[in-house]
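Have a look at the structure below before the remarks.
The values are calculated or read from the model by the stated rules, or taken from the named source; none is laboratory data. What you see is a predicted model; the values in this text were computed from it and never measured. Glycine also receives a Cβ, built like all others from the backbone with ideal geometry; neighbour counts cover every protein chain displayed.
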Amino acid sequence: MAQIENRRRFFLSTGATALAATVGSRFLPQTRGDETGNTAPAKRLRVVPLSTIDDPWIDQLKVTMRSPERGMSLLIFDPRFQDEPIDLRSPEGIGSLISAPGSYRYVVGQSWQVSQQGNWSYKARGLQHYAGSRTPVFFNGELKCRTEIHPDGLTAHFSLYNGDFSTQKSVFLWVCALYRWAPRFEKKTLVSVDGQMVDYETACQGTRGPSGMRTLTRQGLAEIMRLEKEGHRVHCPFRRDFTAEGVRAIGTKVDGKEIWSVLRSDDAVLLGGNDTNPCTDMALGLGDLEPGERRSAKVSLQLVECPQEKILERI
């Protein structure tokens, strides 16, 4: 725990100063002084890219995060959480539903830029991504991400272009909201099933792939059936008699009030995440990418203050 705390303090000291983009003027809980001794209102939400961190867990996944503003992650700060950021990996990986556990690769090399409005974006060409063997794989295409910052969170818009001569079948982008730097959040996570937020580990038992892959959405099940109907040999270790919706949540309490970090997408085809390494994950389905074709998907992360049974009403 001491090592994790030291690393957390390190990236706070490097990432939360010159790289910080502060947004959300309707919440002004405190003030901070500048170099002249004047004070200015500190606003609600800051979003910054993850800088270089000496972290063996990241090294194990062969994710390179080179300063400045290079890497898969955006850090979402909320002053209510006392500088414990949410690490939104945008995306963490890329894969295909033909074999989601076997095709999954970690994406590296994103180079973030920020607009005057505080929205982050990147455009990555000739993608490098890594398998469990740590062998780099090169995807002849272009991945774009553009974020819209809101007072209570953000929306990330992705698009993927296929620059190859062959069709990329049933591609997905894997997005992970990681809470290892925010220990105040509970390890128990939630998922939406039939319009109710329920315990994820209880409802969706058994990890069946990397990053806690385990549960299809209705869109994901329909995509699996389409691929099989076309004659593809699909490796699908996930249940077909059970689906969930593309809404995942994890909670904490501040001054006795429940606050939920909710990851949601109408493009979700597969859900994941772990309670042992608390995170909420989902695959955004892009379908088949023909040569020269570009397809898009989006995901949002929203912080809502409400009881568990009111989450779906608030997002």
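Check Leu50 against each of (1) surrounded by fewer than 20 Cβ atoms within 10 Å (Cβ to Cβ); (2) closer than 27 Å to Arg264 by Cβ; (3) of a type outside the set (Gly, Ala, Ser); (4) modelled with pLDDT under 75 and name the one condition it does not meet.
(1)
Mind listing whichever residues of the range 161-195 are touching a Leu at 6+ places or on another chain (Cβ under 8 Å), within 26 Å of Arg240 (Cβ to Cβ) and either assigned to a loop (DSSP other than H, G, I, E, B) or without any contact (Cβ under 8 Å) to a residue 12 or more places away in the chain (or both)?
Answer for the range 161-195, where residues must be touching a Leu at 6+ places or on another chain (Cβ under 8 Å), within 26 Å of Arg240 (Cβ to Cβ) and either assigned to a loop (DSSP other than H, G, I, E, B) or without any contact (Cβ under 8 Å) to a residue 12 or more places away in the chain (or both): Thr167, Gly195.
Those residues that are surrounded by fewer than 24 Cβ atoms within 10 Å (Cβ to Cβ) and either aliphatic (A, V, I, L, M) or not in a strand (DSSP E or B) (or both), I need them from the range 79-106; list them, please.
Answer for the range 79-106, where residues must be surrounded by fewer than 24 Cβ atoms within 10 Å (Cβ to Cβ) and either aliphatic (A, V, I, L, M) or not in a strand (DSSP E or B) (or both): Pro79, Arg80, Phe81, Gln82, Asp83, Glu84, Ile98, Pro101, Gly102, Ser103, Tyr104.
Got at least one residue in the range 150-171 being at pLDDT 90 or above and within 13 Å of Gly272 (Cβ to Cβ)?
no
If a residue counts only when it is closer than 27 Å to Gly163 by Cβ, which strands (runs of 3 or more DSSP E) contained entirely in the range 201-315 have at least 3 such residues?
Filter on the range 201-315 gives 268-272, 279-289, 294-305.
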